[in-house]
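Here is the structure we will look at.
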Amino acid sequence: MAQAVEVSRTDFDALASGGGGPAAIEVLWRGQLSKHIVMIRGVTQLGSAAEPDMAEALRAAYATLAAAQQRDSAAVATLLRHPAIGTWASRCLRRLTGAETGDVPLATELGQLAAIAAVAAIRAGHPCDLPVPRLRGAVMLPTLGLARFADATEPQGQARIIHDGHHTRLTTTDVEVTVPMEHTRDSLNWQGLRRLKSTAGGLTLAVEIDDLDPGRERLGQLSTRLDDAALAHWQGLLDDAWRVLTRHHPERAAELHVGLTTLVPLDPDGTGNGSSVSAQDAFGQVMTTPGADGRQLADTLIHEFQHSKLHGVTDLVPLNTAGGERRHYSPWRDDPRPLEGILHAVYSYLGVTEFWEVQRGLPDCPEPEFAEFEFHRWSRQLRATIHTLLDSGELTSDGVAFVQGMATRALRWTGLPGASRPRWFADLAIADHRVRWRIRHLRPDPEHVRDLAAAWRTGDLGARRHRTVNAPVPTDPNLALSGRLRLMVGLLKDPDRFAARCTDPQWLAAMGPSVDAADVALLSGDPEAALRGYERTLTGTDPERWAGWMLAWSVHETGHATGPLIDAPELLYTLHRQMRDDPTPPAPSALAAWFAALPGPDNPERPGLTATAVRPSRRGLAPRPATPQGSPPGSS
């Protein structure tokens, strides 16, 4: 039976700060168990009504599950809270309520309840005999493994699973598969779900590596069955990551020790780029590519588990109002995002920023400039984006309190000392993303653009720059990663390699379709050369080239990526397009100088979070000094 789960104020505050600790994670696990039990009951009831021929089988599976729970409630609870159960139940409910369709017959999806009930019986030592669905010739037993039958080309079918209290077998009319007592071990027609285990600092992380379940969320390029070499590679990466976490991030390690249950390996995409994903109904599961090394995997585990934690919180405590359709700027995505997405981004990057804060201070940090770059970039973006959350009007009262907790944590990073060169690059990266996003998604008032064009043509110096206040216009959400950002990362991680390769056109082309020598000049501290390079191809409307040119112009004029072109790039971009067919179209540099000299908005957008922007909380907030501006590349 599902039990009500409440989050105490102490745990709520701890989670809001970006942490929580093992005790709070256990509360979230209890919430997942209760949620999954309710979902299974819903699948049984709605499924029986939608597929009357399945009603008897669903009732039998549910009864077996209940009997197993009576026999060993702890073992069954561990199964029912597993991420695979949440993924399956959520998918079934979406289909039963018409929110989703699927290629797999609904009866086959629903029949997986029998496989779940059978696993519960096996773990509890309770006899069972149930029909289970075959999908593409295989039967998946969650947390145990996959039974394969000879007729793998048959899309769907059925088998029986029989457990006598000790031994388990699956049968069809002509094939029998025996599940080994040690289920992680492969045998004839059986592939076990294997586990990785790493121990360091007196703490052990044990996770299931799921390279089998056909029901895995299709969010990424899923790996096929890992061979022994690939599995050993994953084990080595996890060992390295766990040493990093237990040694330098013990609080995060303690949370992962009780919260992370499953790794789902992904393959890199066709360009070799890595990725990671966490799903709303798969608490404790991380889907990820292997990454370059243990430190990168450690960062990924922290990042994705933050998402899991927030999903667990919002299952118990609503933080934002339902149905919000407004879209906002997010520094972590190239598409306009709903408030819930921004809430997740901020929460996940509280963990990431903390990771880089620690890493940048280590005497043996392998890439100290990159670590400083990541810390400064994300700490600044967090402070700026928390404004969006607090000003949205879309948070519940608990949501406001939660965001205030995040703001308190983010403010502690204000004004911390650090090397100026990587911070200059971080400010450039922040401006680059902002400029690219605004050019793509914001459309200035056409009348204002016409007025500015007329003022330029007549030499009127009384015009003003107005803020763009209309809603963002969504475009392609799958925009390519900025080539300039790739170059920055390469320069900061390995300056010598960057210097040796930056004149190679093929290497530059691999960084991105529009990357060229102008980008190299900008990052090498020569904005004048960068301006000349960008202007050679600035006659078109490519947002990437325009963004690079605006960055170079601003750096050339001020030494930093700041100023009117960074604040309102969409306005200058649209203004130039408006006049490019004039008999004498304005030169970009001349137009930019005129545009920058115009009086700006009376109420410009706030650049970042300050202590006074945070609403009073129970603990109160002490103001801290403003973050100092960075210096040009090459200074220290």
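Details
- Measuring nothing but how far apart in sequence close Cα pairs (under 8 Å, 6+ apart) lie, relative to its length, the stretch 155-198 scores a relative contact order of 21 percent.
- Each residue of the stretch 380-393 was assigned a 3J(HN,Hα) from its phi angle through the Karplus curve 6.51 cos²θ - 1.76 cosθ + 1.60 (θ = phi - 60°); the sequence is 5, 5, 4, 4, 5, 6, 4, 4, 4, 5, 5, 8, 6, x Hz, with glycine and proline shown as x.
- Helices in the chain, meaning DSSP H runs of at least 4 residues, each add -39500 (n - 2.57). Divided by all residues, the mean residue ellipticity at 222 nm is -16500 deg cm²/dmol.
- Nearest-ten-degree value, helix 250-259 long axis tilted from longest Cα axis of the chain: 40
- In the assembled protein chains, E340 presents an accessible area of approximately 80 Å² (probe radius 1.4 Å).
- C-alpha center-to-center spacing [the stretch 33-56, the stretch 275-319] in angstrom: 28
- Helix 569-579 axis, angle to the chain major axis (alpha carbon atoms, nearest 10°): 60
- Using θ = phi - 60° and Karplus 6.51 cos²θ - 1.76 cosθ + 1.60, couplings along the stretch 202-216 (whole Hz; Gly, Pro as x): x, 10, 10, 10, 10, 10, 7, 10, 8, 10, 10, 4, x, x, 4
- The modelled label-to-label distance between D227 and T539, using points 7 Å beyond Cα along the C-beta direction, is 5.3 nm.
- The convex hull built on the alpha-carbon positions of the stretch 396-511 has an orientation-averaged projected area of 13.2 nm².
- Between D581 and D504, the FRET efficiency from the beta-carbon distance, with R0 = 41 Å, is close to 0.60.
- In Hz, Karplus ³J(HN,Hα) per residue of the stretch 455-467 (6.51, -1.76, 1.60; θ = phi - 60°; x = Gly, Pro): 5, 5, 5, 9, x, 5, 9, x, 6, 10, 8, 9, 6
- Counting only protein heavy atoms and a 1.4 Å probe, the chain has 43 square angstrom of accessible area per residue.
- Largest-first ordering by accessible area, 1.4 Å probe, given options T261, T173: T173, T261
- Taking the Cα centre of the stretch 248-396 as origin and assigning +1 to Lys and Arg Cβ atoms and -1 to Asp and Glu Cβ atoms, the resulting dipole is close to 340 debye.
- A straight chain from E26 to D174 at 0.36 nm per residue would run longer than the Cα-Cα distance by 48.8 nm.
- When the charge dipole of the stretch 362-511 is built from unit charges on Cβ atoms (+1 for Lys and Arg, -1 for Asp and Glu) and taken about the Cα centre, the candidate among S482, T408, F373 whose Cα reaches farthest toward its positive end is S482.
- Using a cutoff of 8 angstrom between alpha carbon atoms and counting only pairs six or more residues apart, the relative contact order for the stretch 368-498 works out to 30 percent.
- Within the accessible area of the chain (1.4 Å probe), percent carbon and sulfur: 51
- Over 26 Å [Cα-Cα, the stretch 336-463], rounded percent: 40
- Lysines whose Cα lies under 30 Å from that of K197, excluding same-chain neighbours fewer than 8 positions away: K35, K309
- Label-point separation, E6 to D129 (7 Å along Cα→Cβ), nm: 4.8
- For the stretch 494-570, with +1 on Lys and Arg beta carbons and -1 on Asp and Glu, the positive-most of S554, A568, L522 along the dipole: L522
- Pairwise FRET efficiency - N273 versus Q158, Cβ, R0 = 30 Å, nearest 0.05: 0.15
- Fraction of beta bridges assigned by DSSP in the chain that are antiparallel (%, nearest 5): 85
- Ordering T64, T458 by accessible surface, largest first, gives T458, T64; the 1.4 Å probe counts only protein heavy atoms, with every chain in place.
- T321, T314, ranked by accessible area, largest first (probe 1.4 Å): T321, T314
- Nearest-ten-degree value, helix 483-493 long axis tilted from longest Cα axis of the chain: 80
- The mean sequence separation of alpha-carbon pairs under 8 Å and at least six residues apart, normalised by the residue count of the stretch 75-176, gives a relative contact order of 23 percent.
The values are calculated or read from the model by the stated rules, or taken from the named source; none is laboratory data. If you're wondering where the values come from, they're calculated on a predicted model, not measured in any experiment. Here the Cβ is made from the backbone with ideal geometry for all residues, glycine too, and neighbour counts use every protein chain on show. Remember, those area values only see protein heavy atoms, side chains included, never the ligands or the DNA or RNA. Shrake-Rupley method; radii C 1.70, N 1.55, O 1.52, S 1.80 Å.
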